[in-house]
């Protein structure tokens, strides 16, 4: 009885190409896709930090970077305020 069930499931897997190797291959493909998606997110973050010249870690020059970001933010706010005044 058990042998006939096992043989039946074996035939079904054979016909539908769902062998153990195929299952492992599809699992590996899914893992590769997940890892690729994660790497894309990491690379886009690194690219953004590089474009804005922001370091990955805080180090001795932390105050300089914080001040630089504050100045950039202030300049952008002033620019937006001027544009809004000109539009009114």
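One way to sum up the overall shape of the chain is the equivalent ellipsoid from its Cα gyration tensor, whose semi-axes run 60, 19, 9 Å, largest first. Once the Cα atoms are used to define both axes, helix 20-51 deviates from the longest principal axis of the chain by about 0 degrees.
Note on region 1-51: along the principal axes its Cα atoms extend 66, 17, 10 Å, ordered by decreasing extent.
Quick note: the coordinates plus some simple rules give every number you see, no bench work behind them. Predicted model only: the values in this text are computed from it and were never measured.
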